[in-house]
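Beneath this line is the structure, given in C-alpha cells, with notes to follow.
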C-alpha cells in the first residue's frame, strides 16, 4: 500500500485520486443561495440546471454547485452569503426573493450575482437600470405586484360574489409584503373589494391566521408571493380546504397541490433563465452589461378538483383561457 493511501485510511477517509482532485480544483464553482432547502425546490433547480446546460455547463462534469439555505431563517442569510464569498465562488445565484439578493449584495461588491426578485430591482436598489445594471448584479424580475390587478380581476370572474379578501404576507420580507399590500389595496379599491392584511412568518403563525378566519370570515385568501409560502404550500392548501376558503396565489406551486387558482409568471422558466445567465457569466460575460430580464410568460392555472370540492362553478370563459386546468 502506498504511503498516501495508508495515511488516508488511518485518517478515516478514502484516498482521492490525484487526477480527480486536479479536475475538481479547476472546475468553476457556483454558489446557490436560497431561503429554502434544495430538496423543496427540486423542480426549480432542474430548470436552473437546464439553463446552465444550454450554455455548456453540466453540474458535476464541468461546474460545481454549492448550495446554502437557512431553512426559512432569515437571520442566517448573511452568514451563508459570506460563507460562499469566502469559499470563494465564481458567481452567486441569489434565489428566493429580495432578502436573499440583499444578503448576497452585502457580502460582496465584486463577485457576480444573479438574482431572482418579484419586484422592480431598480426601485429596490439592486441595479441602476434594467438595461445597464452597472454593478456586479443582474438577474430576473418575474413580476408580482405588476400583475396584482389582473389576479384580482380573474378572481372576481371566478367568484363574482366575493367581497372580502384576506391578504397573506410575510413581514420578515418587509419590502415584498409592503409592496404586495399596497398593490392589492390599490387594485381592490377600484373593484370595491374590502381587503384585510394577515401576517405570518412561520408554520405556526399560518395556522393562527386560518384560525382567525373563523371570526373574520373572508370570502377568499390572496397569498403574497414569498419563499416561505412556497415552502409551506401543502399546509396552505390543506388549511384552505379545511376552512373552505378559496385560495389564489401568484405561482402554480400552490394550485398544483390544492389551491384554487394561480396567476403569475412561469417560475420554472425564470429559473431556467437564471441558469443561462449564470452560465454566460462563467464564460466571461459581465453582469454590468447584462440587462435584467423581465418575465413575459404569464400563466393561469385553475384546480378544477378544488373548485368542485368548494362548490364553485368555474365559468367556461376562464377554463378556455387557462394555461392549465388540473382535474
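The values are calculated or read from the model by the stated rules, or taken from the named source; none is laboratory data. This is a predicted model, so every value here is computed, not measured. Quick reminder, even Gly has a Cβ in these numbers, built from the backbone with ideal geometry, and neighbours come from all protein chains shown.
For region 61-100, the set of residues classified as farther than 19 Å from residue 137 by Cβ, exposed (fewer than 14 other Cβ atoms within 10 Å of the Cβ) and at pLDDT below 95 consists of 71, 73, 75, listed by residue number. For region 17-34, the criterion of being at pLDDT below 75, in contact with a strand residue (DSSP E or B) (Cβ under 9 Å, 6 or more places away or on another chain) and either assigned to a helix (DSSP H, G or I) or within 20 Å of residue 117 (Cβ to Cβ) (or both) is satisfied by at least one residue.
Looking across region 221-270, the residues that are part of a helix (DSSP H, G or I) and over 23 Å from residue 183 (Cβ atoms) come down to 234, 235, 237, 238, 239, 241, 242, 256, 268.
Taking the criterion of being within 15 Å of residue 162 (Cα to Cα) and either without any contact (Cβ under 8 Å) to a residue 12 or more places away in the chain or surrounded by 15 or more Cβ atoms within 10 Å (Cβ to Cβ) (or both), the residues of region 193-212 that qualify are 193, 195.
Which condition breaks for residue 192 when tested against (1) on the phi > 0 side of the Ramachandran plot; (2) assigned by TED's automatic domain parsing to the domain that holds residue 92? With respect to (1) on the phi > 0 side of the Ramachandran plot; (2) assigned by TED's automatic domain parsing to the domain that holds residue 92, residue 192 is out only on (2). For the residues 131, 106, the requirement of being surrounded by fewer than 23 Cβ atoms within 10 Å (Cβ to Cβ), outside any loop (DSSP other than H, G, I, E, B), modelled with pLDDT of 95 or more and more than 16 Å from the chain's Cα centre (by Cα) singles out 106. Criterion applied to 155, 168, 143 was being part of a loop (DSSP other than H, G, I, E, B) and crowded, with 20+ Cβ neighbours inside 10 Å, and the one residue passing it is 143. Reported count of residues in region 172-217, each being more than 27 Å from residue 35 (Cβ to Cβ) and assigned to a loop (DSSP other than H, G, I, E, B), is 3.
Yes or no, residue by residue, for (1) under 30 Å from residue 129 (Cβ atoms); (2) over 17 Å from the mean Cα position of the chain (by Cα); (3) surrounded by 16 or more Cβ atoms within 10 Å (Cβ to Cβ); (4) modelled with pLDDT under 95:
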position: 254; (1), (2), (3), (4): no, no, yes, yes
position: 270; (1), (2), (3), (4): yes, no, yes, yes
position: 288; (1), (2), (3), (4): yes, yes, no, no
position: 294; (1), (2), (3), (4): yes, no, no, yes
position: 306; (1), (2), (3), (4): no, yes, yes, no
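Quick one: would you say residue 125 is modelled with pLDDT of 90 or more, in contact with a helix residue (DSSP H, G or I) (Cβ under 8 Å, 6 or more places away or on another chain) and closer than 30 Å to residue 277 by Cβ? Spelling it out, it is not the case that residue 125 is modelled with pLDDT of 90 or more, in contact with a helix residue (DSSP H, G or I) (Cβ under 8 Å, 6 or more places away or on another chain) and closer than 30 Å to residue 277 by Cβ.
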